[in-house]
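The values are calculated or read from the model by the stated rules, or taken from the named source; none is laboratory data. Predicted, not measured: the structure shown is a model, and the values here were computed from it. Using ideal geometry, Cβ is built from the backbone for each residue, glycine included, and neighbour counts are taken over all protein chains shown. In case anyone asks, the SASA skips ligands and DNA or RNA and just uses the protein heavy atoms, side chains included. Shrake-Rupley method; radii C 1.70, N 1.55, O 1.52, S 1.80 Å.
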Amino acid sequence: MPSQPELKGISAAPGLAQGGAFWVEAAAIVNSVDSLKAKIDLPEALALASSQLVELMDRVEGEDADILEFQLAMLEDETLNDPVRKAFEAGTTLIEAWQQALNKHVTDYEQSEDEYFQARASDLRDIRDRVLRILRGETEVEIPEGAILLATDLTPSRFLGLNWNKGGGVVLQGGSPSSHVAMLARSRGVPMLVGIENLSLGAFPDQTRLLLDADRGVLQVDPSAEQIQDFEHKLRIATEEAEQIALISDQPAQTANGTAVQVLINVALPEELAKFNSVHCDGIGLMRSEFLFHHGLPSEESQYRSYRKLLEWAGGKPVTIRTLDAGGDKPLPGLEQPTESNPFLGLRGLRLSLRQPEVFRTQLRALCRAAVHGNLKVMVPMVTVPDELHSAQELLGGVCAELATEGTEFCKPVLGMMIEVPAAALAPELFTDAAFFSIGSNDLVQYLTASARDLHHVADLADPGHPAVLRVIKELAEHCDRSGQELSLCGDMGSDPNFIAQLLGAGLRNLSVAPARLGKTKWTIRETNLEGV
Ligand code: PEP
Ligand code: MG
């Protein structure tokens, strides 16, 4: 029998997994006892849901715990529960009242233009379903260990409640690589594909054998014996490679012909570093500070504490903190932004910070105060012309003068810039006073190829391997050789084994990558012989 064609999706967490299919939503439907009659009242159901979440929280930490904390807070939120009570008192059944009220909240969140709220929609769906199960008196279905879960979307708490030690993977019809559950999958090394359009609920039975190759973004359903053999061969290679990578994880990176390469890590929040030792990397090459702004504008004090934590963790190794990069695909609550027809080309990054000088100054003050605790470099995003950089420098100077007058302890950090706008990439000589450059290949590629980074239907055009991208990077490296300015790359291209040799060949010697990609990046560097590039 010919095997089924491969289903294509977007890789949200790399890796390989094989296992039996398990349809998450279908299981919930089958397991439903009586869909309309609540078995207990609302306060009891909410209390039970809260205690389940608290129990789950004991098993997780850091950002995972934050997600559950958000859900706990939502369960206690009167704006969520009030409409349910009112509808119930007006005669709607409790289950319907809960479902309708929560569906409305979920839709509001999904339709929000704010990516933060969109991402939180799955948390709300999670709460909705947890309380629904309790109201209906359902028991949670046991998901077999090592299964490949198929669903429209998967909630973070459902993901956290599963044991991933026995392997397995996730395939979602919807979802996005920037969702919470995708972030959790990446941090746990669980392969995940999202955005598989041709996947309808129950398209094949549970336990159908599946091969998930989240490195290539494909799912093979009911594979042939030959496909299984090939896949198992790939798995063996990946396991051997992981063993080798573990052996070199604390060694400095160097190419096969002995050229040293700095490999740093990209982080979002200081908590991410809890399980990670700074001996494994050369510092932090990018801290995306906008993640501190997801619950509204953080105070100077709370920013200072976060930045200080990073610097202390790095113990003298360089830490590059990027100032707020909001706008575009990263709108933030509490930050006024105009409605734009094409936000990627609008007020993003430094453009937005310069329009909100008070927010920017608060951040710069926190950075200057934290700089006392380590080797801090400050980087501004989305610079197009030198005037923008000069304005940032002026603000930084002003903030330092103010701190000095106040007698507050501070240190003035060096100020560099991201290279992600083609105009800056093609004319780096304009930015003589940038202390350093860091290439944001994610944005540089989207702007050079005119293919938005959040649209999966143009994903194949947003190709970092396009000769134009490599040419720009090479010319930049040549410029920096002449000018003596430091150059690094902190976009995802730097951890893609397909491009590392070319980047090193172009002259780059400093890459900053996601912590989960560090070992593989060092490994690929060791395999690269620059004499042959
Ligand atoms: C980039 O654009 O490559 C980058 C590192 O920044 P971000 O992905 O946060 O836009
Ligand atoms: Mg960018």
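The spacing between segment 214-264 and segment 437-468, judged by their C-alpha centroids, is 24 Å. Legend: calculated FRET efficiency, ASP41 to ASP206, from the Cβ-Cβ distance at R0 = 51 Å, rounded to 0.05, equals 0.90.
Which angle between 0 and 90 degrees, to the nearest 10, do you get for helix 94-111 versus the longest principal axis of the chain when only C-alpha atoms count? Taking Cα atoms only, the helix is inclined about 20 degrees. For the pair LYS234 and ASN163, label points projected 7 Å from Cα toward Cβ lie 2.8 nm apart. Give LYS8/LYS275; LYS8/LYS474; LYS275/LYS412; LYS166/LYS520; LYS234/LYS520; LYS309/LYS474 a once-over and call out the pairs whose C-alpha atoms are over 25 Å from each other. Beyond 25 Å between Cα atoms: LYS8/LYS275; LYS8/LYS474; LYS275/LYS412; LYS309/LYS474. Once the Cβ-Cβ distance of ALA225 and GLU402 is raised to the sixth power relative to R0 = 51 Å, the FRET efficiency obtained is 0.10. Of the beta bridges in the chain, as assigned by DSSP with both residues counted there, near 30 percent are antiparallel.
Relative intensity of segment 34-136 on a log10 scale, I(q)/I(0) at q = 0.11, 0.12, 0.14, 0.18 Å⁻¹, equals -0.33, -0.39, -0.53, -0.86, per a Debye sum over C-alpha point scatterers of equal strength in the absence of solvent.
Which value in deg cm²/dmol, rounded to the nearest 500, describes the helix-derived mean residue ellipticity at 222 nm for the chain, given -39,500 (n - 2.57) per DSSP H run of n ≥ 4 and division by the residue count?
-14000 deg cm²/dmol
Taking packing as the residue-averaged number of other Cβ atoms within 10 angstrom, the listed peptides 9-20, 44-55, 419-430 run from highest to lowest as 9-20, 419-430, 44-55. You can think of it this way: the chain between LEU461 and THR152 has 108.6 nm of extra reach, that is 0.36 nm per residue less the Cα-Cα gap.
Evaluating 6.51 cos²θ - 1.76 cosθ + 1.60 at θ = phi - 60° for every residue in segment 363-369, the Karplus couplings come out as 5, 5, 4, 4, 5, 5, 5 Hz, glycine and proline recorded as x. Annotation: amide H-H contacts under 5 Å for VAL267 (H modelled 1.01 Å from N, sequence separation of 5 or more, or interchain): LEU286, MET287, ARG288. Taking only protein heavy atoms and a 1.4 Å probe, the accessible area of segment 250-526 is 51% carbon and sulfur. Per residue, the convex hull spanned by the Cα atoms of the chain amounts to 160 cubic angstrom. Computed over segment 250-526, the quotient of the alpha carbon radius of gyration and 2.2 N^0.38 Å is 0.96. A full extension of the chain between ALA246 and GLU409 corresponds to an added length of 54.6 nm, given 0.36 nm per residue minus the alpha carbon distance. In a simple Cβ point-charge model (Lys, Arg +1; Asp, Glu -1; nothing else charged), segment 250-526 has a dipole of about 680 debye relative to its Cα centre. Most tightly packed first, judged by the mean number of other beta-carbon atoms within 10 Å of their residues, the peptides 404-411, 216-223 read 216-223, 404-411.
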